[in-house]
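One structure is given here, and the rest of the page talks about it.
Rule-based calculations on the coordinates, nothing more; no lab input. Computed from a predicted structure; not experimentally measured. Please note: Cβ atoms are built from the backbone with ideal geometry, for glycine as well, and neighbour counts cover all protein chains shown.
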Amino acid sequence: MKRSIRLPNFIVVGAPKSGTTSLFYYLKQHPDIYLPVRKELHYFSYEYLKENTKGPGDKDVLSSLCANRREYESHYIEVKNERMIGDISPSYLYYCNVSGRILSELGKIKIVMVLRNPVEKAYTQYMHLIRDNRETLLFYDALMEEQKRMLAGWSDIWRYAESSLYAERVNKYISIFGPDNVKFILFDDFVIAPDEVMRSLFKFLNVDADVHCDTSKTYNRTGTPKFKMVSDFFAKPNPVKTIVKKIIPEKLRIPTRLALLDWNTGKKNSMDRKSREYLIKYFSDDIVDLSKILGNKLWWLNG
């Protein structure tokens, strides 16, 4: 008799560039939590992502995602007796309409969001593409090109400002799953007191909160690449990478890729004043709206 596959009962839906990769590796250390080898499956948002692949490198990113239910289930074949099973796919927050489909397929599961000051999140998202040698414009110029890129069908990773508007998207998940099933983590708390944040998250997930995990390492940093050739190898299609994918299993390939990217990541330059002033104005109303939703006065406009 074929064993039924247990699928996620919690999802970290975002936000991108808010520490979700570090969170993935911290959560994996808990014996009662199962996460697949690959962090980002993006199964529920795949159809949206498929429609936005016109930016440099977008199609190559799409090729590694879950296009259907069968592929999604294949990542959970190894689930044993773990209490909590997770999916960490940051695009689910941006494409918040997938919340209804998540509910339909997985039920009223637990939702986790890590929210970062949107000004810093937008810039770090930009630096992520600088690191990967995909972005060629200065930050302010890229912000001014954002609407044009959106209309041209570039992926959400290029929508530095627009993808960092939280309030409406956060509200969507609360309305679908209920406030008791949605956990918010502020990025700054995660950086300053990661052990406390993990303990609180373990409690939310109903697993042993006394389990200690190593939170000393930061994963998936951004910055200027030391060698653009290395960035190009990982970010752009090439025959060698295709062969590597075929012969080296993901459980070895993914951490090796992260380690090499970390080695190749240099200094993260400061944001220019013009861009910062533009973004503060751009996000001001959304931050006020989000503060009301969270019942917490956010300091982001003063940062």
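The ranking of D188, D272, D180 by Cβ neighbour count inside 10 Å, starting from the fewest, reads D180, D272, D188. Take every pair of alpha-carbon atoms less than 8 Å apart whose residues are at least six positions apart; their mean separation over the length of segment 10-302 yields a relative contact order of 25 percent.
Taking other C-beta atoms within 10 angstrom as a stand-in for reagent exposure, L138, L261 fall in the order L138, L261, fewest first. Here the Karplus relation 6.51 cos²θ - 1.76 cosθ + 1.60, evaluated at θ = phi - 60°, turns the backbone of segment 116-130 into coupling constants of 10, 2, x, 5, 6, 5, 4, 5, 5, 5, 4, 5, 4, 7, 5 Hz, with x for every Gly and Pro. Between amide H atoms placed 1.01 Å from N, distances below 5 Å from I185 occur with M113, V114, L115, all of them 5 or more places distant or on a separate chain.
May I ask you to work out the translational diffusion coefficient for segment 116-259 at 4 °C, viscosity 1.567 mPa s, via Stokes-Einstein with Rh from the Kirkwood sum over Cα pairs, reported in whole µm²/s? D, rounded to a whole number, is 71 µm²/s.
When the Gaussian network model of the chain links Cα atoms closer than 10 Å, the mean-square fluctuations of P249, P90, P118 top out at P249. Charged neighbours of G266, selected by a Cβ distance under 9 Å, balance to +4 (K, R count +1; D, E count -1). Partners of K108 within straight-line reach, counting aspartates and glutamates whose Cα lies under 15 Å from its Cα and excluding those fewer than 8 residues away in the same chain: D87, D180. Relative to the Cα centre, the charge distribution of segment 146-303, modelled as +1 at Lys and Arg Cβ and -1 at Asp and Glu Cβ, gives a dipole magnitude of about 960 debye.
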